[in-house]
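Contents: one structure, followed by commentary.
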Amino acid sequence: MAVTNAGNPLKDVITSDFKLDARYLQFRDLVGVVDKLVKSKVETFPKELKERRDIIYTELEKIQEENLHRKEITKEAIGLAEDCRKMAKLVKNVFLWCEVEGNTLMQKNNSLIKDLLVVEDKIAANQIAQNPEDKAKVMRELEMKKSGLRGRLIEKKSKDAEKSKDHRNTENNNSKHQKLNGLSKEEVTQLEDWTQMRIGQVVFDGEHENWSTGTSVFDAKIYHKRNLVFVIEDANGNKFGGFVKSEIDTIGGGIVDTGSFLFSLASNGRFDCMQKFPISQEGASRAFWVWPANNWCLLQFGFCGDDISIAKKSEVLGSSCTQSAYIYPEPLSLCGNSNFDTTNITVYQMM
């Protein structure tokens, strides 16, 4: 039977059907591939989740173990802190007891030494009265005994806060220490002429730096330095001192110095001009002494500190000078007396 539909011939229908079948087959194959892919992914999800869960549990166990360890350490630390608190309280009580007991012993010690100093003075006076020609020898021996006794005096140490304050003051005034305070132009010229050197920096300035017993920085400031001029001022307006050419290489021992000399810059009319006092040949063997912070004495010139003996700031015993190792034109050349109160000391380094 012949088909006469001109708009849709059989050939076209058959061709169209074949095309539809081909698209179906392509679609079916694509669906199969997608289905397999989805199924494979769905099957792997439980495995990945399980592995992730196991990792999380492992991490949680580690954290719990570390937290338990932390609690144990914290507990031990609390116990140690309590023990430390008790120990600190005990140590504080020990320090308080030592301070009270130390003050008592200090007072007894110093009282006995001061009594002994008075006795030694009386014994020396009696010896001089019996043998006036031995006065110089007796006085030298007396000064040696008194120097040793003074070194056994016990001084109460300053508090840490005062030390810290002194340190801050030292730092704040560093720039001032570089200035040549306290010397006139004429005095500078004279010192430079005597030493044949130029005056340099201020090594120690008693107005701003500590020279009290127990906390003095004086010995540390001049240690291992040479060519030093020591200018001393007393309560009566005298200005005198000494020059040390040798290196300050020992604390508490005599320093050999053939180039040392003493001088007077201001004498209250005893001299018409500034004076220089050279050291004797035998005196050069122990020309200068500097003492540590805990000693009552700051510095000394002469055999055993006979010529100049400077006490540390606010010391009850005071300073003294008895001419011995240096050569003077007349008695009491330095300050017009054998005892004086030091108001300030400045140390300059010559260059």
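The values are calculated or read from the model by the stated rules, or taken from the named source; none is laboratory data. Predicted, not measured: the structure shown is a model, and the values here were computed from it. No Cβ is skipped: glycine too gets one built from the backbone with ideal geometry, and neighbour counts run over all protein chains shown.
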Out of all the residues in region 191-228, which are buried (at least 17 other Cβ atoms within 10 Å of the Cβ), among the polar types (S, T, N, Q) and either within 31 Å of the chain's Cα centre (by Cα) or assigned to a strand (DSSP E or B) (or both)?
210, 212, 213, 215, 216, 227
Based on what the data block shows, is residue 298 at pLDDT 85 or above, hydrophobic (A, V, I, L, M, F, W, C) and assigned to a strand (DSSP E or B)?
yes
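What do you reckon, is residue 188 under 23 Å from residue 342 (Cα atoms), at pLDDT 50 or above and assigned to a helix (DSSP H, G or I)?
When the stated conditions are applied, residue 188 passes them.
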What's the total number of residues in region 259-279 that are part of a loop (DSSP other than H, G, I, E, B) and surrounded by 15 or more Cβ atoms within 10 Å (Cβ to Cβ)?
5
